[in-house]
Structure formats: structure tokens, C-alpha cells
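The values are calculated or read from the model by the stated rules, or taken from the named source; none is laboratory data. Just so we're clear, the structure is a prediction, and the values are computed from it rather than from any experiment. Glycine also receives a Cβ, built like all others from the backbone with ideal geometry; neighbour counts cover every protein chain displayed. Heavy atoms of the whole protein, side chains included, go into the accessibility calculation; ligands, DNA and RNA do not. Shrake-Rupley method; radii C 1.70, N 1.55, O 1.52, S 1.80 Å.
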Amino acid sequence: METVRHGKIKSLLILAVLIAVFAGIFAVYGPWMCSDSEQYINMHIHREPLYPLFLWVLRLLFGEGFLTAMGILQGVLAAVGIWAFAEYVSKKFTLHFWEELVILVLLFFPYAVTRFFSQTRLFIPNSVMSEGLSMPFFLLFLIQCFEMFTQEKKREFLKAAGVSLLLAFLLALARSQMMSLLLVWLVVFGVKILYTKAWRKKILRLAAAAGIVLLVFALRGFCVKTYNLAFNGRFINNTNGTVHMLTNILYAADGEDGENIQDEEAKAFFNQMYHLTEMNQANYKFAGDTLTEKLNHLEEWHNTINFEMIEAVLRVSYRENVTEDYIEQDLLSDETAGKIIAGILPGCFPKWFANYMMMVGFGLIRSIAVAHPLINWIAIAFYLFAAAVAVISVRQRLKCGKKIGAEVWFLLLVLLTIFANAFTVAMVIMPISRYMIYGFAPFYTAGFVLLISLYRVWQEKRIEKGQKTWAIKI
């Protein structure tokens, strides 16, 4: 009982310190606005509903002081997310206190990376950006998803499955890229179900899980449309997504690809856009030879192509000739962008796909490191090292007649979320640190736990042989 009481006190002290740290940072720097902040505050139709609704509720409750309330609440959420993740991992893998402290430091690192090493230079909990909610929610999702996979009791398994699915749904309402977590949930649920004995039960349960995920996707779409109906007067999805998708496709296109566009108006728009990319040396022809040079060139021009060579061209035309309503302009722009994509993508697909895979690769690097010609290779080495350690761990346990350790499955879950996020983000936008940082702390936490498990196996072997060993037992 005394040990349990001390454990609870230690846990609460960790949470209190974390809250104090985030509160202190907010007291020093205050709330920060970024390029997207006004759209969140104004509930713009481009933005997913969860975060604008969060700000709307705070405005109702706190009036002009809503940004202060936002900073405090996001700081508390960040602290709770770090605390809950560290406590869960510590208990799940029976870590010592010093090992839990290492994990706490790792979990704080993503906030430091986005402040000091990313392009945005923002401290996320202080900022009016959806990551203020999605980063702590992501950590909670990982906890519940892993609990779903490892839980043997049916009631606890169903509880973890429900909570993790709810968190994936909320994350999908916060950021579209997080819709990939619904597929991650389905994969994890499916692997868990494969452990059941009866094939008939496996098939039925997998079919039921797939049906539930499809329903959640549909519910997400309904919620977005209902939100837009309530606040923007239209029962439609968020707009501008097709325009965003056209950006990297236009970058990879040649002028003759436009001949395949069936709609004459869309073809005229493409020719105008393509001329702008040529005139400004803003397409693939003007990128360098190395992967880093190519990525830097694409990153340098991505937003300019998107906002000034596609969106502005379409908006000016529709505003002058069709309507002043910006939502109607968005709808027409998305429709035209879709026609352009249908015409040019077959011709430029190899170049677009090569760029896409390049961005996925750099997205994977930025998920665990800062992109830099030297650090890139170190990040790749970390992935390879993690894979090698996982293989060694599996071999050691199988030799001893044991099942694959939970720490290996934990690493695989983290890698699954990292890869899902990288492939999703690179489809539409650039894989900058702000979008990729979710997997940073979980990856190094999983690697750290895996190394600890290997060390413990080594200890056991030495003890069996009667040899001396040592450990930090704090």
C-alpha cells in the first residue's frame, strides 16, 4: 500500500511539474498567431471543424480573453498527453523512475523542435493552430491503440478499441491527414483478431471492423458538412483540397500534358498556370540534381505555386466573371482543378510519383529528425538500427521459447503511424516538421524501451551463468 501511495504521489508530481512548465512558457511568451490562425478563428471553410469549434467555445466563455484561455488549456492538454503516455509506458514495461524521466524528456522534444528548428518557429501549445489539440490527442490514441492490441480481457479490449477509435475520429476532425489513423486502427484491430482460433470468427470480426471504419469515415464527412452548414451556410465538405492536390502535379507537368484536358476553359487555365511556372523557373525542370536540391526547390516554390499560380489565377477569374462569394469561387476552383488533374496526371505521373516518394522519404526523416544533408543519413541509420534491434529481440525471445515481446509490437505500431502520416501528408502538402512531428517522441521512446528489454535479457543470461551484472534501480 505504501508503494502504491508513493507511486501515485510521484505520478501527480510529474503532472504538476509538466503543467507548471507549460504554464511558465505561456506566461513568458503569451499566445502566438501563425499564418493559419485567422482562418481557425474565423471558422473558414478551408479548415477542419474541431479546432475552430474549440476556439468558438472559448470565445463564448471568455470573450476577448479567449486566447489566454486557449494557451492555458493547450498547455494543460500537452502536459496531460506527455504525462499519460510516460506513465502508461512506464507501467506497461515496468520501467525504473530514471527510465521514465528519459521518456519525459523525449516527449518534450517535439515542442522544442518546432520552436527552434522548424520553419514555423512556433511553440505549439501557445499557438493558434490545430496541433495544440492533435498532438496530445495523438499520444492518447497511441496508448489506447496499443492497449487494444495487448489487452487479453474482452471487456478491456473492447473499451480500448472504442476509446482509440473515438480519438482517431476526433483527430480526423482536427486534421485531415489524421484520417489515416482510422486505417491504422483497422490494421491493429485486424492483427489482434488474427489471434482468434476460428477462421469464421476472424472473417466476421474483420468485416465488422471494416464496416465500422467505413461508417466512421462517413460520420466524419457528415460532421464536417453539418459544421459548414451551421457556420458557413453550406452543407459541403471543406473546400480547396483539389486545388492543393493540383500543386505538386502542376510542378511535375509539361506544357504538352495540357492537350489531354477535355474542358476548354480548364485547358486555358492550365496554360496560364504552366506559363507562370516556366516564367518563374518554378517547376521540375529547374530543380537540381540531388534529392536534397530537388526537395528544396519543390519546397521553395510549393506555396507560391499553390497560392499565386493556381488559386489566385482561378479566384481572380471567378471573382471578376462569375461571383463575389468566396465559397462559390472555391467550389468552382476545385471543380476546375479536378478537370486539370484528370487531363495532365496520366502524362506526368512518373515524375509526380517520383516527387511524391521523395517527399514521403523526407517526411519519414522529419518524423524523427531535422532535415539536413548530414542528419538525413543519421535518421536513416536510426530506422535501420531500430529494425535491427527489433530483429535481435525477436530472435532472442524465440530462442528462449517466448512470444514476441510487447516492446517490438509497440515499435511496429509507432512505425505504422509514422509511415501512414508520411504517405498521407505527401499526397497533398509538403512534409514540413509541423505536420510530421507526431512520431518523433514515440519513435525514440519505443527504441529506448526496446534497448531496455534487450539489456534485461542480457542481464538474465549473466545471472543464469552466475556472472555479475549491474543496473540503475532508481
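If you take the residues in the stretch 146-186 that are assigned to a loop (DSSP other than H, G, I, E, B) and either among the aliphatic types (A, V, I, L, M) or in contact with a helix residue (DSSP H, G or I) (Cβ under 8 Å, 6 or more places away or on another chain) (or both), which one is nearest to Ile404 (Cα to Cα)?
Ranking the qualifying residues of the stretch 146-186, first place goes to Gln151.
What do you reckon, is Glu64 assigned to a helix (DSSP H, G or I) and either open to solvent by less than 40 Å² (accessible area, probe 1.4 Å) or closer than 19 Å to Ala406 by Cβ (or both)?
no
Among the candidates Phe307, Phe349, which residue alone is open to solvent by 40 Å² or more (accessible area, probe 1.4 Å), aromatic (Phe, Trp, Tyr) and at pLDDT 95 or above?
It is Phe349.
Residue-by-condition table, conditions (1) free of Cβ contacts under 8 Å to residues at least 40 places away in the same chain; (2) within 21 Å of Ala446 (Cα to Cα); (3) touching a strand residue (DSSP E or B) at 6+ places or on another chain (Cβ under 8 Å):
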{"position": "Gly132", "(1), (2), (3)": "no, no, no"}
{"position": "Leu142", "(1), (2), (3)": "no, yes, no"}
{"position": "Phe146", "(1), (2), (3)": "no, yes, no"}
{"position": "Ser180", "(1), (2), (3)": "no, yes, no"}
{"position": "Phe189", "(1), (2), (3)": "no, yes, no"}
{"position": "Lys192", "(1), (2), (3)": "no, yes, no"}
{"position": "Tyr195", "(1), (2), (3)": "yes, no, no"}
{"position": "Arg200", "(1), (2), (3)": "yes, no, no"}
{"position": "Ala218", "(1), (2), (3)": "yes, no, no"}
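Tally up the residues in the stretch 109-131 that are open to solvent by 60 Å² or more (accessible area, probe 1.4 Å) and within 26 Å of Ile72 (Cβ to Cβ), please.
Residues that pass the stated criteria total 4.
Counting only residues that are open to solvent by less than 30 Å² (accessible area, probe 1.4 Å) and not aliphatic (A, V, I, L, M), how many does the stretch 293-304 have?
The qualifying residues number 2.
Would you check if there is a residue in the stretch 374-393 being open to solvent by less than 50 Å² (accessible area, probe 1.4 Å), touching a residue at least 40 places away in the same chain (Cβ under 8 Å), at negative phi and outside any helix (DSSP H, G or I)?
No, every residue in the stretch 374-393 fails to be open to solvent by less than 50 Å² (accessible area, probe 1.4 Å), touching a residue at least 40 places away in the same chain (Cβ under 8 Å), at negative phi and outside any helix (DSSP H, G or I).
For the list (1) under 30 Å from Arg234 (Cα atoms); (2) buried (at least 18 other Cβ atoms within 10 Å of the Cβ), I need the number of the one condition that Ala78 fails.
Going through the list (1) under 30 Å from Arg234 (Cα atoms); (2) buried (at least 18 other Cβ atoms within 10 Å of the Cβ), Ala78 breaks only (1).
If you take the residues of the stretch 266-292 that are touching a residue at least 24 places away in the same chain (Cβ under 8 Å) and either among the β-branched types (Val, Ile, Thr) or surrounded by fewer than 12 Cβ atoms within 10 Å (Cβ to Cβ) (or both), which of them is nearest to Val313 (Cα to Cα)?
Looking at the filtered set, the residue picked out is Thr277.
Applying the selection to the stretch 373-385, what residues are in contact with a helix residue (DSSP H, G or I) (Cβ under 7 Å, 6 or more places away or on another chain) and at pLDDT below 90?
Pro373, Asn376
Tally the residues that are closer than 25 Å to Leu139 by Cβ and open to solvent by 10 Å² or more (accessible area, probe 1.4 Å), restricting the search to the stretch 37-55.
Total satisfying the criteria: 5.
Quick one: in the stretch 274-320, of everything that is outside any helix (DSSP H, G or I) and of a type outside the set (Ser, Thr, Tyr), which residue is farthest from Met245 (Cα to Cα)?
Step by step, filter the stretch 274-320, then rank; the result is Asp289.
Taking the conditions exactly as written (under 20 Å from Leu331 (Cβ atoms), open to solvent by 50 Å² or more (accessible area, probe 1.4 Å), modelled with pLDDT of 95 or more and not hydrophobic (A, V, I, L, M, F, W, C)), does Lys159 satisfy them or not?
For Lys159, the condition - under 20 Å from Leu331 (Cβ atoms), open to solvent by 50 Å² or more (accessible area, probe 1.4 Å), modelled with pLDDT of 95 or more and not hydrophobic (A, V, I, L, M, F, W, C) - is not met.
Quick grid of which residues meet (1) within 17 Å of Gly81 (Cβ to Cβ); (2) open to solvent by 10 Å² or more (accessible area, probe 1.4 Å); (3) part of a helix (DSSP H, G or I); (4) touching an Asp or Glu at 6+ places or on another chain (Cβ under 8 Å):
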{"residue": "Leu398", "(1), (2), (3), (4)": "no, yes, yes, no"}
{"residue": "Lys403", "(1), (2), (3), (4)": "no, yes, no, no"}
{"residue": "Met430", "(1), (2), (3), (4)": "no, yes, no, yes"}
{"residue": "Arg434", "(1), (2), (3), (4)": "yes, yes, yes, yes"}
{"residue": "Pro442", "(1), (2), (3), (4)": "yes, no, yes, no"}
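Among the listed residues Phe222, Phe189, identify the single one that is part of a helix (DSSP H, G or I), open to solvent by 60 Å² or more (accessible area, probe 1.4 Å) and of a type in the set (Phe, Trp, Tyr).
The conditions single out Phe222.
Is there a residue being part of a loop (DSSP other than H, G, I, E, B), open to solvent by 60 Å² or more (accessible area, probe 1.4 Å), under 26 Å from Ala174 (Cβ atoms) and aromatic (Phe, Trp, Tyr) anywhere in the stretch 235-242?
Yes, the conditions are met somewhere in the stretch 235-242.
Could you grab me the full set of residues in the stretch 214-252 that are among the charged types (D, E, K, R), at pLDDT 95 or above and in contact with a helix residue (DSSP H, G or I) (Cβ under 6 Å, 6 or more places away or on another chain)?
Selection gives Arg220 alone.
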